[in-house]
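Encoded as structure tokens, the structure appears first; notes follow it.
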Number of protein chains: 2
Amino acid sequence: MLPLPGSMADILAFLADLPGPDQAALQKAQAREPQLTKPPGALGRLEEISAWMAAWQGQHPARLETPRCVVFAGNHGVAARGVSAFPAEVTAQMVANFQNGGAAINQLCKAFGAELQVQALDLDHPTQDFSQEAAMDEAQFVEAFSKGMRSLQEGTDLLAVGEMGIANTTSAAAVAHALFGGEASDWTGPGTGVAGTALTHKAMVVGEAVAFHKPGISDPIDALRRLGGRELAAMAGAVLAARLQRVPVLLDGYVATAAAAPLHVLHPQALDHCLVAHASAEPAHRALCAKLGKAPLLDLGLRLGEASGAALAIGIVKAALACHNGMATFAEAMVSGKDV
Amino acid sequence: MLPLPGSMADILAFLADLPGPDQAALQKAQAREPQLTKPPGALGRLEEISAWMAAWQGQHPARLETPRCVVFAGNHGVAARGVSAFPAEVTAQMVANFQNGGAAINQLCKAFGAELQVQALDLDHPTQDFSQEAAMDEAQFVEAFSKGMRSLQEGTDLLAVGEMGIANTTSAAAVAHALFGGEASDWTGPGTGVAGTALTHKAMVVGEAVAFHKPGISDPIDALRRLGGRELAAMAGAVLAARLQRVPVLLDGYVATAAAAPLHVLHPQALDHCLVAHASAEPAHRALCAKLGKAPLLDLGLRLGEASGAALAIGIVKAALACHNGMATFAEAMVSGKDV
């Protein structure tokens, strides 16, 4: 059974005692790879992925039979500040669209054989407007974080994590700005499509909010409570649960990466079981990935959220395992090795 | 029935009269895209891909039910010059490995539901050493090109094109250098793993061969005859046949792109039905893609050939069509549009 936090202190305690990679499984992957019928390194990041899957599943060969995708949805008080190109009711409408199978993420999960779970987090009660006060109190934050932890279903062998929430790139920008400094404008982008003076205004809201909260932020998880949203808290919880249960994670785009970033700031190895699936077209995502030491797998110009980039990358992980687990060795295939 | 060339002049004549994109299908795709439940442009290159598939299949919705992958294999006289890290007999050994299901491309085709066809082109008779004479005479070239054209099976809705051939990155480098100038070293890379003085030697062989042939090259297709190999000629043929039969093409890595490049140099629109699937770790691939005006879809550090990058990208095309064809519209889902 997964332990659940009763307080923010419990979350910090979990993070202080994380399991590492399974060295035996990793070594088995590393021993097999050079025997496969290809020049050494010729499969590039597919080789990295198959080793990573073995290390974090704790088994070799690693498996991909039950990939799951979870999309957390939340509403944000800060939406009232006019930071999004879409009205706040779109969050609930899109959740209905997910449930009816009509969104991009439904098609992507179907295409790659992933089960989709949608968690709408108290949409009728947006978080507080974080430009005025903390987005969540401790109880609200711990509840959302715990929902994220509990969303991880037994038997999941790869977890794709994403979100939906009108105004949540504003929240992500604020979290990133609070954690990594710089200027608010460095971390603020168009989201669903704000531009010009609306984008300047969005950056101003982010900057003022971070300046307002900064003196009171006690640790990176507290930054997530003050500036995040329920779906960001839940994504952080899902990422932590996956680590505790030996499930590798694909992080989606800017908001998912920002939600996981506090774990990294607390413990530099806390996201070693995660890959960033896709480099979002949201401009600050690259800088955020660099802060986490992560190179996104894909770069196809997506800026949708909904775990769409993470779901796309399931296909890449599938390909990596298919090669590592299924290829013949030089000995089996009687292929000559490299000339000496 | 596909017309087959009897001479190199016939190939030039085919290229002078290529069908264009289907404007009606393209317009249908462009009309549907903004109605789908996502911010405009939020699916990035997936949107480009679904429109491209409709335009070049000549139907909307585009389909992906029968993707096929073809790997052409050839042996090269220039291998005797010590330009590869692997001995020449590996070409035939790897063809056997493909036929036995043990190679990377077998696993990738299985993972993405693509049928694999392997065409071994007269492996017992390597092309002539192009550092001494033309790799193929006209009859040999036209035969290989025609085999490539005939490899396209009816009902293929997406073609992934790749190759296997010890020493063929040397051939690709020579073709690129002949077509696009610069220095031989600009176009010469490690291939399966040559480095240091062996790499310098490889570039020298490329440079000398191109200098030797350059005065006699009559057109870009003639460059491919003199400096290419049977698998390069066949890939060019397959790409042309796909254009004539309305089949979109995924080009694999450096060698496949070099094989198709002469078509582009002759007619700037000749490769509009092709996407470059993956940016090879072979360093010159990026420069070659830039010459063709193509941005590779994936960048995962592969440098294997075998159509491995092209097969990986089948999953991306599948995802693009799944979204475009399967998503709900704003009206169907009753989702609010962008705020004005």
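The values are calculated or read from the model by the stated rules, or taken from the named source; none is laboratory data. Keep in mind the model is a prediction, meaning the values are calculated, not measured. Positions of Cβ are backbone-derived with ideal geometry, glycine not excepted, and every protein chain shown enters the neighbour counts. With ligands, DNA and RNA removed, areas are computed over all heavy atoms of the protein, side chains included. Shrake-Rupley method; radii C 1.70, N 1.55, O 1.52, S 1.80 Å.
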Given (1) at the interface with chain A (Cβ under 10 Å from one of its Cβ atoms); (2) crowded, with 20+ Cβ neighbours inside 10 Å; (3) assigned to a loop (DSSP other than H, G, I, E, B); (4) touching a residue at least 60 places away in the same chain (Cβ under 8 Å), number of the condition B:Thr156 does not satisfy:
(1)
Out of A:Ala135, A:Ala178, A:Ala211, sole residue that is in a helix (DSSP H, G or I) and either open to solvent by less than 40 Å² (accessible area, probe 1.4 Å) or in contact with a Ser or Thr (Cβ under 6 Å, 6 or more places away or on another chain) (or both):
A:Ala178
Count of residues meeting criterion [of a type in the set (S, T, N, Q) and within 22 Å of A:Gly77 (Cα to Cα)] in the range A:87-103
2
Looking at B:Ala270, B:Ala284, B:Ala259, which one is over 22 Å from A:Pro39 (Cβ atoms) and more than 14 Å from every other protein chain (Cβ to nearest Cβ)?
B:Ala270
Out of curiosity, is A:Met164 within 17 Å of the chain's Cα centre (by Cα), farther than 23 Å from A:Val265 by Cβ and modelled with pLDDT of 95 or more?
yes
Filtered residues of the range A:295-340 (kept if more than 7 Å from chain B (Cβ to nearest Cβ), assigned to a loop (DSSP other than H, G, I, E, B) and in contact with a Gly (Cβ under 7 Å, 6 or more places away or on another chain)):
A:Gly305, A:Glu306, A:Ala307
Please go through the range B:214-223 and pick out each residue that is surrounded by 17 or more Cβ atoms within 10 Å (Cβ to Cβ) and assigned to a helix (DSSP H, G or I).
B:Pro220, B:Ile221, B:Asp222, B:Ala223
Conditions (1) surrounded by fewer than 19 Cβ atoms within 10 Å (Cβ to Cβ); (2) free of Cβ contacts under 8 Å to residues at least 12 places away in the same chain -> A:Lys28 fails only (2)
Restrict the check to the range A:227-242 and report whether at least one residue is open to solvent by 10 Å² or more (accessible area, probe 1.4 Å), part of a loop (DSSP other than H, G, I, E, B) and either modelled with pLDDT of 95 or more or among the basic types (Lys, Arg) (or both).
no
Of all residues being farther than 24 Å from B:Ala111 by Cα and of a type in the set (A, V, I, L, M) in the range B:40-53, which is farthest from the other protein chains (Cβ to nearest Cβ)? Just the residue, please.
B:Ala51
Given the structure, is B:Gly77 open to solvent by 10 Å² or more (accessible area, probe 1.4 Å), under 21 Å from the mean Cα position of the chain (by Cα) and more than 13 Å from chain A (Cβ to nearest Cβ)?
no
Considering the range A:1-14, residues that are modelled with pLDDT of 95 or more and of a type outside the set (Gly, Ala, Ser), and then whichever is surrounded by the most Cβ atoms within 10 Å (Cβ to Cβ), we arrive at A:Ile11
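State whether one or more residues within the range B:262-275 are under 19 Å from A:Ala279 (Cβ atoms) and either surrounded by 19 or more Cβ atoms within 10 Å (Cβ to Cβ) or not small (Gly, Ala, Ser) (or both). Don't jump to the end; show me each part of the working.
At the first step, the residues of the range B:262-275 found to be under 19 Å from A:Ala279 (Cβ atoms) are B:275.
The next check asks that each one be either surrounded by 19 or more Cβ atoms within 10 Å (Cβ to Cβ) or not small (Gly, Ala, Ser) (or both); those that pass are B:275.
Within the range B:262-275, one or more residues are under 19 Å from A:Ala279 (Cβ atoms) and either surrounded by 19 or more Cβ atoms within 10 Å (Cβ to Cβ) or not small (Gly, Ala, Ser) (or both).
In the list B:Glu89, B:Glu115, which residue meets the criterion of being touching a Cys at 6+ places or on another chain (Cβ under 9 Å), over 18 Å from B:Arg303 (Cα atoms) and open to solvent by 20 Å² or more (accessible area, probe 1.4 Å)?
B:Glu115
Residue by residue, here is whether (1) closer than 22 Å to A:Gly253 by Cβ; (2) more than 9 Å from chain B (Cβ to nearest Cβ); (3) out of contact with any His (no Cβ under 6 Å at 6 or more places or on another chain) holds:
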site: A:Leu26; (1), (2), (3): no, yes, yes
site: A:Ala31; (1), (2), (3): no, yes, yes
site: A:Gln59; (1), (2), (3): no, yes, yes
site: A:Cys69; (1), (2), (3): yes, yes, yes
site: A:Ala85; (1), (2), (3): yes, no, yes
Within the range B:79-94, can you find the residues that are among the hydroxyl-bearing types (Ser, Thr, Tyr) and assigned to a loop (DSSP other than H, G, I, E, B)?
B:Ser84
Over 14 Å from A:Gly229 (Cβ atoms), more than 14 Å from chain B (Cβ to nearest Cβ) and either touching a His at 6+ places or on another chain (Cβ under 9 Å) or assigned to a helix (DSSP H, G or I) (or both): is that true of A:Ser146 in this structure?
yes
Selection from the range A:1-25 of residues part of a helix (DSSP H, G or I) and out of contact with any Leu (no Cβ under 9 Å at 6 or more places or on another chain) yields A:Met8, A:Ala9, A:Ala13, A:Gln23, A:Ala24, A:Ala25
Inspect all residues belonging to the range B:52-64 and state whether any of them is part of a helix (DSSP H, G or I) and either at pLDDT below 95 or farther than 30 Å from B:Val175 by Cβ (or both).
yes
Within the range B:181-198, the count of residues that are part of a helix (DSSP H, G or I) and more than 15 Å from B:Val255 (Cβ to Cβ) comes to 6
